[in-house]
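Bear in mind that the values in this text are calculations on the coordinates, not laboratory data. Just so it is clear, the model here is predicted, and its values are computed rather than measured. Cβ coordinates were reconstructed from backbone atoms using ideal geometry, including for glycine residues, and neighbour counts include every protein chain displayed.
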Amino acid sequence: MQFEATALYCNGSCGMQRIRRNATYFTDQSKTNHWCVTCYAKLKDTDHILLDNGNSITKGALQQFKNDALSEEAWVQCDCCSGWVHQVCALFNGRKNRNAVTYTCPRCHLEKMKTAELFEKKKPIISIKTAKDLPTCDLSDALEAELNRFLEREYDNVAKVLGCNIRTVEKASGLYIRVVSNMKKKHAVRDEVCHNHIYFHFYVYRFMDLSHPPLFVYLLDVWQVFETWMSI
């Protein structure tokens, strides 16, 4: 596909007459000023020709061309299918996007949209885990039940002080007590502790070997109270 040829106008004495197609003309190096054959013949070799950009040249610096050039429409290549699309059809600005710019043709763009829609439909729904889903034990259940009973008593006291129904009292909901850490620890008792405590010293003499310091093994539990807030 080719654009219509650019119209060239003479800058000579003929008064901006249009230069015919396939006719010979003369122009400067930047190709911004043009002269038809008639006006070019009237120029003298010693004349200083003033250009539109403010520079001046002589007749010998003008170049001869034929007005038969055709401007071919610019193309842009799709980065997905490697197909070529007219820049004007693709709404692609070739002058602005001269550097490394990715381009996706309309057909590939539609295919990507279809693939994205299918992916969203097949995407599994991920449920968010909360504190309620953490494992429980007998002690956590007992503490949680006692906490709820204590809060119910406090709600009742607040209702009596305010003189309102207990249903209107603001309450904390979604409270859970869970063990978040459970580790076995070891603690070695130093020799000076054994000698400074009479009862402990007596216990060591009766039940333990004095050549080795007593070693206590204990469990370290970390308990935490969680509250559900804004569904989290």
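For Cys105, what charge total do you get from the other residues with a beta carbon under 14 Å from its beta carbon, if Lys and Arg give +1 and Asp and Glu give -1?
Numbers: positive: Arg107, Lys112; negative: Asp79, Glu111.
The answer is 0.
Stretched out fully, how many nm does the piece from Arg167 to Lys186 gain, at 0.36 nm a residue minus the Cα gap?
Working: separation 19, 0.36 × 19 = 6.84 nm, distance 4.95 nm.
Extra length from Arg167 to Lys186 when fully extended: 1.9 nm.
Among the listed pairs Lys59/Lys96; Lys132/Lys171; Lys44/Lys66, which are separated by more than 26 Å between their Cα atoms? The partial results should precede the final answer.
On the way: Lys59/Lys96 36 Å; Lys132/Lys171 18 Å; Lys44/Lys66 22 Å.
From Lys59/Lys96; Lys132/Lys171; Lys44/Lys66, over 26 Å: Lys59/Lys96.
List the residues, sorted by chain then number, that are 5 or more residues from Trp75 or on another chain and whose placed amide H is less than 5 Å from its amide H.
Hits under the 5 Å cutoff: Gln87.
Spin-label point model (7 Å from Cα, Cβ direction): what's the Ala74 to Asp138 distance in nm?
8.1
Take Asn22 and Asn157, extend 7 Å from each Cα along the Cα→Cβ direction, and tell me the distance between the two endpoints in nm.
The answer from the label model is 10.9 nm.
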